[in-house]
Amino acid sequence: MKSDLLSRVAGTLLIAFILFKSAVVSSKFDPFLRLAPFLSGLGLSLLAVGFQNLKLYWRELVILFFHGTPSVITLPLVDFITSLTAKFAYYSLWYVGFDVTRDGNYVALPTGRVLVNGGCSGIEAMNYLLGLAVVCLVMFPTKQNKALVIGVAVICGFIINVFRVAGMALLVASNRLDLFKYWHEGEGSLVVGMIAVILFGIFYQFMLKRDSKLSHSSGN
């Protein structure tokens, strides 16, 4: 199965653009770097099989798309998610009885406060778990509601980050700046991400076991 001339030209131009753009990227935060894997996969697919047969690689392209592209698409939502994270962190502390106040994106206790900025919004964790959910749905399909899986992944990333922000506010209020640094930018931030992945993994394992039970029930 060969690619037609138009597809080969489009694929070649796309890969040439990626190579050129990669050579002039000046920052590791450039949104292009999030798009590059998907665009590279698309360009190679066009060279290999053409537009008409892209469906042969739909799994690979979907996975590549959801591992980077959502981070670019959701950039306009960063301020909104940041504000939402500050609000939920405030309410989580207030609910368990802490004397907490909120001023914009500041979450304050009587002895200290933290500012929830874009980097602490949790949107990266939400996008990462979205990509993980897509990988699971593609590689290990479930008969359950696909939208539910996506929703649980995104919400899990958001909620775990809210607890992280609330915890850091408590650490600042307790003057435990060493622990604050650990959970904010040290290995602790990676642990939080790992917890979110584990929780989603447990949920998806439950979904697969439910599929298995339903299959056995229908078989009987």
Just need log10 I(q)/I(0) for the stretch 1-110 at q = 0.10, 0.12, 0.15, 0.21 Å⁻¹, Debye formula, equal scatterers on the alpha-carbon atoms, no solvent, rounded to two decimals.
-0.50, -0.60, -0.74, -1.06
Report D for the stretch 128-175 in µm² per second (integer): Stokes-Einstein, Kirkwood Rh on Cα pairs, 20 °C, 1.002 mPa s.
175 µm²/s
Which one, VAL152, VAL96, SER189, projects farthest toward the positive side of the charge dipole computed for the chain from Cβ point charges (K/R +1, D/E -1)?
VAL152
What's the magnitude of the charge dipole for the chain around its Cα centre, counting Lys and Arg as +1 and Asp and Glu as -1 at the beta-carbon? Answer in Debye, nearest 20.
580 debye
Along the three principal axes, how long is the chain when you take its alpha carbons, biggest first, rounded to the nearest angstrom?
68, 62, 27
So how strong a dipole does the stretch 9-105 carry about its Cα centre when Lys and Arg Cβ are +1 and Asp and Glu Cβ are -1, to the nearest 20 debye?
280 debye
Considering every pair of different Cα atoms, what Kirkwood radius, in Å, is found for the stretch 12-54?
11.0 Å
Can you tell me the order of 119-132, 36-49 when each peptide is scored by its average per-residue count of other Cβ atoms within 10 angstrom, highest first?
119-132, 36-49
Coordinate range along principal axes, alpha carbons of the stretch 94-209, Å, largest first
50, 27, 24
In this structure, among LYS28/LYS181; LYS2/LYS146; LYS28/LYS87; LYS87/LYS181, pairs with alpha-carbon gaps over 27 Å are LYS2/LYS146; LYS28/LYS87
Take the Cα pairs of the stretch 158-220, get the Kirkwood Rh, then feed it into Stokes-Einstein at 37 °C and 0.692 mPa s and tell me D in µm²/s.
236 µm²/s
Take the alpha carbon atoms of the stretch 169-189, find their center, do the same for the stretch 87-110, and report the distance between the two centers in whole angstrom.
17 Å
Positive-end residue, the stretch 26-176 charge dipole about Cα centroid, Cβ charges, pick of VAL162, CYS136, ALA125:
CYS136
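Arranged from highest to lowest average of other beta-carbon atoms within 10 Å per residue, in what order do the peptides 137-148, 53-64 appear?
Descending mean neighbour count gives 53-64, 137-148.
Since every read-out is calculated from the coordinates, none of them should be taken as a lab result. In this text, all values refer to a predicted model and were calculated from it rather than measured experimentally. Glycine also receives a Cβ, built like all others from the backbone with ideal geometry; neighbour counts cover every protein chain displayed.
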